[in-house]
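Everything on this sheet refers to the single structure shown next.
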Amino acid sequence: MDAPAAEVHIDAALVERLIEAQHPDLAAPVRLVTNGWDNALFRLGDRHAVRLPRREAAAELVVNEQRWLPDLTKRLPVPVPVPVRRGAPGIGYPWSWSITDWFDGTDADLVPAAERAAVAIELAEFLAALHHEAPTSAPFNPVRGVPLPTRSAAMVGRLDSGSLPRVDDLRALWNRLVTTPPWGARPVWLHGDPHPGNAIMTTDAAAAPRLAAILDFGDITAGDPATDLAAAWMWFEPAGRALFRAHIDELCHVDTHTWQRARGWALNMGAAIAAASDDNPRLAAIGAHTLTQVLLDD
């Protein structure tokens, strides 16, 4: 299965026209960087990036980023793409869009998993800082932060699709993890999409790797921190996972049930990515890595 199709055509010429009309002081050469499931990303000159929803389902997600990231970033130890300008619909483009800073570095999913262990502690510190109690006005996301059993119908559909490897092992693991007792405390802020394709790492040979930025808060919501702790399996191999888990446990005192749900979330998100990435080798690799790692821990 392929990623969702774009519902509006977005190219560099359109982005240049939008910027000229709404933010002419930032006008600069524009080039496409990537088309994701939800957004198109363009580089604007040397200093900025432009994110535009490519389908209606993602339009509200950009608005959520614009509303909440300026406040959240004040407590986060790693840079995030706070909008520096907000764009409005215009010139035939129907939704809100954002201009953010550009972050230099390497997409973390392109760094070998064993080398990503170098940022396990930084990632743990970022999530610990993010996971504080959220207000009741935090955006609701029906597929992130919610009780794990609510994802069963979609998960069973993927398991039955014939598109996943080792399906019997994955099904048995899901059936076990989905029965884990639910999160019983107040909802906390969540990134919601904690895979390594949503992060930038520095990879200068003269210095240790660092997290340069955590990207794409389109799924931002409040709920069970296990959703984000799925990063343990989405990012790392066993050694890096052990570092990440130990530091999260030190900072947040995570209980066993939360780690079990986190593994269930990793299985759920890894399967979703693997089942819908036939046209995207990078996402397919993230999905394959995640499914391999969730089965390793038995």
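The values are calculated or read from the model by the stated rules, or taken from the named source; none is laboratory data. Every value quoted in this text rests on a predicted model; they were computed, and no experiment measured them. Cβ: placed from backbone, ideal geometry, glycine included. Neighbour counts: every protein chain shown.
Of note:
- Considering N64, N35, the condition of being under 30 Å from D160 (Cβ atoms) and among the polar types (S, T, N, Q) is satisfied by N35 alone.
- For region 202-251, taking the residues that are over 19 Å from L72 (Cβ atoms) and touching a Lys or Arg at 6+ places or on another chain (Cβ under 7 Å), the one that is modelled with the lowest pLDDT is identified as T202.
- Of the residues making up region 180-202, those that are buried (at least 21 other Cβ atoms within 10 Å of the Cβ) and either outside the structural domain of A274 (by TED's automatic domain parsing) or closer than 9 Å to G223 by Cα (or both) number 4.
- Of residues in region 69-88 being out of contact with any strand residue (DSSP E or B) (no Cβ under 8 Å at 6 or more places or on another chain) and in a helix (DSSP H, G or I), the one surrounded by the fewest Cβ atoms within 10 Å (Cβ to Cβ): K74
- Test for G240: is it among the small types (G, A, S) and over 28 Å from R67 (Cα atoms): yes
- Residue count for region 63-102 satisfying the condition of being touching a Pro at 6+ places or on another chain (Cβ under 6 Å) and not β-branched (V, I, T): 4.
For (1) within 12 Å of D11 (Cα to Cα); (2) in contact (Cβ under 8 Å) with a residue 40 or more places away in the chain; (3) among the small types (G, A, S), each residue gets a yes or a no:
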position: V33; (1), (2), (3): yes, no, no
position: D38; (1), (2), (3): no, yes, no
position: R43; (1), (2), (3): yes, yes, no
position: R47; (1), (2), (3): no, yes, no
position: L52; (1), (2), (3): yes, yes, no
position: E56; (1), (2), (3): no, yes, no
position: L61; (1), (2), (3): no, yes, no
position: N64; (1), (2), (3): no, yes, no
position: D71; (1), (2), (3): no, no, no
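- Counted residues, region 104-146 - those being surrounded by fewer than 17 Cβ atoms within 10 Å (Cβ to Cβ) and at positive phi: 0
Residues checked against (1) under 30 Å from Q22 (Cβ atoms); (2) part of a loop (DSSP other than H, G, I, E, B); (3) not hydrophobic (A, V, I, L, M, F, W, C):
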{"site": "E115", "(1), (2), (3)": "no, no, yes"}
{"site": "A118", "(1), (2), (3)": "no, no, no"}
{"site": "I121", "(1), (2), (3)": "no, no, no"}
{"site": "F126", "(1), (2), (3)": "no, no, no"}
{"site": "S137", "(1), (2), (3)": "yes, yes, yes"}
{"site": "F140", "(1), (2), (3)": "yes, yes, no"}
{"site": "G145", "(1), (2), (3)": "no, yes, yes"}
{"site": "A154", "(1), (2), (3)": "no, no, no"}
{"site": "W174", "(1), (2), (3)": "no, no, no"}
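- Top-ranked residue of region 15-34 - restricted to ones that are among the aliphatic types (A, V, I, L, M) and under 27 Å from P281 (Cα atoms), ranked as surrounded by the most Cβ atoms within 10 Å (Cβ to Cβ): V15
- Pairs, first over 15 Å from A134 (Cα atoms) in region 206-235, second of a type in the set (A, V, I, L, M) and in a loop (DSSP other than H, G, I, E, B), C-beta under 6 Å, six or more apart: L211/V78; I214/V78; I214/V80
- Residue count for region 148-183 satisfying the condition of being among the β-branched types (V, I, T) and farther than 16 Å from L295 by Cα: 4.
- Test: residue in region 89-100 that is assigned to a loop (DSSP other than H, G, I, E, B), over 21 Å from G218 (Cβ atoms), in the same structural domain as A21 (by TED's automatic domain parsing) and over 19 Å from the mean Cα position of the chain (by Cα): yes
- Test: residue in region 206-228 that is in a helix (DSSP H, G or I), under 23 Å from D107 (Cβ atoms) and basic (K, R): no
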